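A quick write-up on the structure given underneath.
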Amino acid sequence: MSKLDNKKFMVCCANGAGSSLMMKMTLQKVLNKMGVKPASLHHCSISEGKSAAPNYDIVLCARNFANMFADAQKKGTVVLGLKNIMSAPEMEQAMKDAGLLD
């Protein structure tokens with residue numbers, strides 16, 4: 001069983017349409033590879049994500065948006081800012097660097 005099983009994930013992009021959906025699919029591939037069974041995966045815009053983030057365990061977004069989730073981080077949400085939001089290896093490494101994956 002992984003530390004990330006039953007965790008709620010949210011991925012955000014500027015508008016919440018195409019990029020975040022592709023980001024969600026990439027995250028799903030990474031989690032499948034690692035044998036993680038998440039409680040939920042949600043994709044949305046940054047504006048929706050800012051208010052919803054405290055309801056999630058892990059938020060992934062572009063690095064330049066990560067500071068927008070400071071309030072959620074104070075409440076325990078892990079925020080991972082990515083240089084390339086479509087990169088599966090970068091997502092996996094970010095989770096490992098944050099101590100979320102073994």
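The values are calculated or read from the model by the stated rules, or taken from the named source; none is laboratory data. What you see is a predicted model; the values in this text were computed from it and never measured. So basically every Cβ, Gly included, is an ideal-geometry build from the backbone, and we count neighbours across all protein chains shown.
Summary table
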| quantity | calculated |
| --- | --- |
| Residue identified as modelled with pLDDT under 95, surrounded by 12 or more Cβ atoms within 10 Å (Cβ to Cβ) and of a type in the set (A, V, I, L, M) among L41, L82, L100 | L100 |
| Single residue of the range 1-49 satisfying the filter (in contact (Cβ under 8 Å) with a residue 60 or more places away in the chain and of a type in the set (G, A, S)) that is nearest to A70 (Cα to Cα) | S19 |
| Count of residues meeting criterion [among the hydrophobic types (A, V, I, L, M, F, W, C) and closer than 12 Å to S40 by Cβ] in the range 5-27 | 4 |
| Residue selected from the range 41-90 under the condition of a type in the set (S, T, Y) and in contact with a Phe, Trp or Tyr (Cβ under 7 Å, 6 or more places away or on another chain), by the criterion nearest to N15 (Cα to Cα) | Y56 |
